[in-house]
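To keep things clear, I will list the structure first and then write my remarks on it.
The values are calculated or read from the model by the stated rules, or taken from the named source; none is laboratory data. Computed from a predicted model, the values in this text were never measured in an experiment. In this analysis, Cβ positions are derived from the backbone assuming ideal geometry, glycine residues included, and neighbour counts consider all displayed protein chains. Each accessible area value is taken on the protein alone, full model and side chains, heavy atoms only, with ligands, DNA and RNA left out. Shrake-Rupley method; radii C 1.70, N 1.55, O 1.52, S 1.80 Å.
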Amino acid sequence: MAVAFPFSAIVGQDEMKLALLVAAAEPGIGGVLVFGDRGTGKSTAVRALAALLPPVKVVVGCPYSCAPEKPAGVCGICAPEGGKGKAAADAPKLKSATHALPVVDLPLGATEDRVVGALDLERALAQGVKAFEPGLLARANRGFLYIDEVNLLEDHLVDVLLDVAASGENVVEREGLSVRHPARFVLVGSGNPEEGELRPQLLDRFGLSVEVKTPTDMAQRIEVVKRRDAFERNPSAFIAAWQGEDARVSRRIVAGRKRLPEVGVPDAALERAATLCMKLGTDGLRGELTLMRAARALAALEGARKVGDEHLRRVAPIALRHRLRRDPLDETGSTARVERAVAEVFPG
């Protein structure tokens with residue numbers, strides 16, 4: 001199994017790291033879209049972050065990695081009696097095991113059967129029984145689903161992801177099978193905008209959006225090359241050197257998750273968020289909701305007890321830049337438009 005590059009050792013790309021940390025602290029935020037140049041550490045950062053997160057407890061034998069203390073009500077394997085996520089009082093205690101957080105790659109050439117699951121042909125032919133063979137969505141439950149070149153994903157797979165992202169469940173009905181299983185994951189997509197745009201429906205499903213560029217600072221470029229070369233020459237020594245920094249980031253995420261329910265969002269902060277979204281002309285209310293959730297997650301990561309202007313200001317670009325309408329009279333980029341609006345709403 002390939003080892004992950006240390007998250008703390010990634011040079012620059014502060015906005016991308018911020019978005020990933022916020023999504024890790026609040027998995028319900030809707031995932032992260034990372035668009036930018038090739039070779040800027042997009043996939044490296046995703047795998048590095050996943051390696052920092054604590055392992056998850058799963059029900060032994062459950063292909064969907066259900067939590068033993070709260071199995072999914074739609075899973076007929078680990079919660080067949082209780083329904084609605086609660087085991088029956090007289091049901092035997094579920095055996096549990098600890099697994100690393102799943103990080104599943106969805107390749108561009110994947111078939112729909114591989115993604116959603118299909119009839120287990122081997123068992124059908126050998127035993128004459130209809131059994132379900134889980135797909136990539138089942139493996140990604142409670143973890144990360146990573147799609148490189150997400151803007152090149154085929155339309156029929158985009159439709160599947162939209163349905164699952166909205167419901168948190170995957171429904172498969174084919175060849176006489178009718179299966180419903182939990183599929184909740186942090187969706188992370190990356191791509192190069194020069195190779196095509198993302199469908200608006202899928203773009204809107206991503207909670208946060210990040211733009212990454214090749215570093216233009218000479219010292220930073222040299223440091224990137226030095227660290228990558230050191231990692232490839234001696235991975236174990238390089239990881240050991242950054243173990244302390246990564247452990248601090250890991251503790252910060254765990255503490256942030258625990259603190260998140262206690263972080264308050266004052267009415268004044270909600271008014272600021274709504275004012276900003278109205279000034280930018282974002283469609284619907286998803287902008288305000290995501291902005292509020294991202295600011296609350298950032299406050300939790302930083303140990304604050306309530307959301308303030310500084311939290312809103314820092315997450316506004318990553319929460320709103322991909323939700324702006326195109327203005328034919330304004331050729332300014334979306335990032336600059338958000339920054340301009342932030343300067344007006346948060347003077348000083």
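Descriptive notes on the structure:
- Some residue of the stretch 229-243 being modelled with pLDDT of 90 or more, among the hydrophobic types (A, V, I, L, M, F, W, C) and in contact with a Leu (Cβ under 9 Å, 6 or more places away or on another chain): no
- Condition met for G176 (in contact (Cβ under 8 Å) with a residue 40 or more places away in the chain, more than 30 Å from D37 (Cα to Cα) and not charged (D, E, K, R)): yes
- Total residues in the stretch 147-167, condition part of a helix (DSSP H, G or I) and in contact with an Asp or Glu (Cβ under 8 Å, 6 or more places away or on another chain): 5
- Residues in the stretch 125-141 that are open to solvent by 30 Å² or more (accessible area, probe 1.4 Å), modelled with pLDDT under 85 and not β-branched (V, I, T): L125, A126, Q127, G128, K130, F132, E133, P134.
- Scanning the stretch 192-243 for residues that are open to solvent by 60 Å² or more (accessible area, probe 1.4 Å), among the basic types (K, R) and within 22 Å of A4 (Cα to Cα) turns up K213, R221, K226, R228, R233.
- Every test in (1) in a helix (DSSP H, G or I); (2) within 23 Å of the chain's Cα centre (by Cα) is passed by R227 save one, and that test is (2).
- Count of the stretch 45-62 residues which are farther than 21 Å from V32 by Cα, open to solvent by less than 50 Å² (accessible area, probe 1.4 Å) and assigned to a loop (DSSP other than H, G, I, E, B): 1
- Matching residues in the stretch 11-37 - criterion: being crowded, with 20+ Cβ neighbours inside 10 Å and among the β-branched types (V, I, T): V22, I29, V32, V34
- When residues of the stretch 70-112 are limited to those that are modelled with pLDDT of 75 or more and over 23 Å from the mean Cα position of the chain (by Cα), the one surrounded by the most Cβ atoms within 10 Å (Cβ to Cβ): S96
- Looking only at the stretch 172-181, residues that are closer than 11 Å to P134 by Cα and either of a type outside the set (K, R) or under 17 Å from the mean Cα position of the chain (by Cα) (or both) come to 3 in all.
- Every pair of residues 6+ apart whose Cβ atoms lie under 7 Å, when the first sits in the stretch 214-240 and is in contact (Cβ under 8 Å) with a residue 60 or more places away in the chain while the second is of a type in the set (D, E): T214/D37
- Residues of the stretch 278-297 that turn out to be among the hydrophobic types (A, V, I, L, M, F, W, C), within 22 Å of E344 (Cα to Cα), modelled with pLDDT of 90 or more and open to solvent by less than 40 Å² (accessible area, probe 1.4 Å), as a count: 4
- Residue in the stretch 318-326 that is open to solvent by 40 Å² or more (accessible area, probe 1.4 Å), not in a loop (DSSP other than H, G, I, E, B) and not acidic (D, E) present: no
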